[in-house]
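Asks: Dropping the structure in here first, questions after.
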Amino acid sequence: MGISDIADGITRGIEGMGQSVSEALFEPVIRLGVTGLSRAGKTVFITSLVANLLDRGRMPALGSASDITAAYLQPQPDDTVPRFDYESHLAALTGPSPHWPEGTRAVSELRLSFRIQPRGMLGAVRGPRVVHLDIVDYPGEWLLDLGLMDKSYAEWSAEALARLPNRPQGAEYLAQSEATDGTAEFTEPQAKALAAGFTRYLVAARDAGFSDCTPGRFLLPGEMAGSPALTFAPLPAGDAPRGSLRREMERRYDAYKREVVRPFFRDHFAKIDRQVVLVDVLGAIHSGPAALDDLRQAMADILAAFRPGRASWLTSLMGGKRVERILFAATKADHLHHTQHARLTAITGALLREARDRADFAGAKTLALSIAALRSTTEETLSHDGAELQAVRGRLESGKSVALYPGELPADPAQLLSPAAQGASAWLDEDYSIMNFAPAPVILRPGEGPPHIRLDRAADFLIGDKL
Ligand SMILES: Nc1nc2c(ncn2[C@@H]2O[C@H](COP(=O)(O)OP(=O)(O)OP(=O)(O)O)[C@@H](O)[C@H]2O)c(=O)[nH]1
Ligand SMILES: [Mg+2]
């Protein structure tokens, strides 16, 4: 543990203390982290969750010991974090020509406050209270970077390069790195060309459905694009004499860990009380066995962050605090008829099994659910060759209405997870399809948020006990 670890730990401890004293006496704050890999559904989830918490007509399963007498948005407490653009996202999803929001480039945050009146005797004694919910949207890719912290440049390079032959998108960078002499004198153009080649591969791999595309900031550089801490790439093992390309790559890799990864964990991750991890399980199944197995591994790596004691620097940043509840939600369940939802949940549970066991071990409460933050389909029974198919119907971007039968998920998750783990190249018995449905036009009635599937169950698990 270095001096800065200790210093961080101490400040966190003091901050933590001040916070818990004032929270206990005054207005408690719940910090809810929302994460997931790219396109998992974070922005849609937060938008619909907030809309449905402001107007709770569609939230019957959100239990609480109090009556919520008011819910309202407030300026968030963190001055340096962008505000989650709730209003624009809601307008996109529920406006006159509904469309999905743009992909997100950075961390953002929103504060929702509840005025609650405890019921019964307690209520008479205590009177109304205010509880704040701070929702933080951050990319799951940034959690994957945790795995970099205890790896040297040489170790990381070896792993990153070993992945390339298994991914068709990796061939070009593999050739580029093998043609590079790491002992040659460092030049910026060469470093730039290597970083660009590696980034191109990461982007292509992500678009092809692969989950582990670290370093996370290469895909979402934000304001750091082009800085030295983001201009490095893995090189095959070898000497690193002074002034050489490999030596400078090593230095920049360490700078990335110090200046990018660590601050994220300190400033955002270490403050989270409750966490929802969104997983596009259907999307991965649709992309095939390799993508599903990759998702499984990436989730195990992501969730390693929730295991206290995983790394001493992280433990000291957390200052004795830990995430109390973790919800694993398979998103976009509106692609499936409800008769298949239990199977999707079982597959999600099995997929996260390894990772969940570790988190459970840490004493966090966990739950797996299949949800749709914004329900965009209706259910329908199709008859096909004399058989009945339980399908869904939605609207495409073009406005055309289409029915989708996504394929039958197996009752036993192993029927998907085993072939995936064994490197099968295609599913044996079924083709799984999904579709890019546009959000269905909705007319929001007073007191009701947008339609969803089990968002109320999700909210109940995440915050119900605090209201
Ligand atoms: N049918 C359906 N599609 C959804 C739902 N939620 C998300 N999607 C789809 O998933 C896409 C990604 O959703 P986002 O909420 O933008 O995902 P994200 O995790 O914020 O993505 P990034 O910000 O790019 O990391 C959307 O554009 C939709 O196509 C849902 O509840 N139902
Ligand atoms: Mg987003």
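Asks: So what's the net charge close to Ser376: Lys and Arg +1, Asp and Glu -1, counting the other residues with Cβ under 13 Å from its Cβ?
Replies: Surrounding charge for Ser376 is +1.
Asks: Once you treat every alpha carbon in the stretch 52-160 as an equal point and sum by Debye, what is log10 I(q)/I(0) at q = 0.14, 0.21 Å⁻¹?
Replies: Evaluating at q = 0.14, 0.21 Å⁻¹ gives log10 I(q)/I(0) of -0.80, -1.18.
Asks: A further question follows. Restricting the calculation to Cα positions, tell me the Rg (one decimal) and the Dmax (whole number) of the chain in Å.
Replies: In order Rg, Dmax, the Cα atoms of the chain give 23.4, 77 Å.
Asks: Averaging over all projection directions, find the projected area of the Cα convex hull of the stretch 217-319 and quote it in nm² with one decimal place.
Replies: Averaging across all directions leaves 9.2 nm² for the Cα convex hull.
Asks: Given the chain, what percent of its DSSP beta bridges are antiparallel, to the nearest 5?
Replies: Numbers: 33 of 57 bridges.
Of the beta bridges lying entirely in the chain, close to 60 percent run antiparallel.
Asks: How much net charge surrounds Thr43 when only the other residues with a Cβ under 12 Å from the Cβ of Thr43 are counted, with Lys and Arg +1 and Asp and Glu -1? Don't jump to the answer; show the numbers that get you there.
Replies: Details: positive: Arg39, Lys42, Arg105; negative: Asp85, Glu102, Asp137.
Combined, the nearby Lys, Arg, Asp and Glu give 0.
Asks: Using a Cα distance threshold of under 20 Å, what count of lysine pairs results for the chain when pairs must be 8 or more residues apart or interchain?
Replies: Number of lysine pairs found: 12.
Asks: In Å², and per residue, what accessible area does the stretch 94-225 have when probed at 1.4 Å with the other protein chains present?
Replies: Spelled out: the 1.4 Å probe surface of the stretch 94-225, per residue, equals 44 Å².
Asks: Net charge near Gln117, counting Lys/Arg +1 and Asp/Glu -1 over other residues with Cβ under 13 Å of its Cβ? Could you put the intermediate results ahead of the total?
Replies: On the way: positive: Arg115, Arg119, Arg126, Arg129; negative: Asp67.
Local charge sum for Gln117: +3.
Asks: For the stretch 307-409, what is the accessible area per residue in Å² when the probe is 1.4 Å? Please report the intermediate quantities before stating the final value.
Replies: Details: 4520 Å² over 103 residues.
Accessible area per residue, the stretch 307-409: 44 Å².
Asks: Let me have the 222 nm mean residue ellipticity of the chain computed from DSSP H runs of 4+ only, each contributing -39500 (n - 2.57), with the sum over all residues rounded to the nearest 500. All intermediate terms of the calculation are to be shown ahead of the outcome.
Replies: Working: 19 runs with 188 residues, N = 467.
Estimated from H runs of four or more residues: -12000 deg cm²/dmol.
Asks: What fraction, in whole percent, of alpha-carbon pairs in the stretch 369-409 exceed 10 Å separation? Don't skip to the end; give the middle numbers.
Replies: Values: 607 of 820 pairs.
The share of Cα pairs beyond 10 Å in the stretch 369-409 comes to 74 percent.
Asks: Take the Cβ-Cβ distance between Ser97 and Arg242 as r, set R0 to 51 Å, and report the resulting FRET efficiency rounded to the nearest 0.05. Present the calculation step by step, with values, prior to reporting the outcome.
Replies: Values: r = 60 Å, r/R0 = 1.18.
After rounding, the FRET efficiency stands at 0.25.
Asks: Here's a follow-up. Leaving ligands, DNA and RNA out of it, rank Arg242, Arg217 by accessible area with a 1.4 Å probe, largest first.
Replies: Arg242, Arg217
Asks: Post the alpha-carbon centroid distance, the stretch 333-397 to the stretch 50-120, in whole angstrom.
Replies: 24
Asks: May I ask you to work out the translational diffusion coefficient for the stretch 142-246 at 25 °C, viscosity 0.890 mPa s, via Stokes-Einstein with Rh from the Kirkwood sum over Cα pairs, reported in whole µm²/s? Walk me through the numbers on the way to the answer.
Replies: Details: Rh = 14.1 Å.
So the translational diffusion coefficient is about 174 µm²/s.
The values are calculated or read from the model by the stated rules, or taken from the named source; none is laboratory data. Note that this is a predicted model, so its numbers are computed, not measured. Note that each Cβ is placed from the backbone with ideal geometry, even for glycine, and that neighbours are counted across all protein chains shown. Keep in mind that these areas ignore ligands, DNA and RNA; they rest on the heavy atoms of the full protein, side chains included. Shrake-Rupley method; radii C 1.70, N 1.55, O 1.52, S 1.80 Å.
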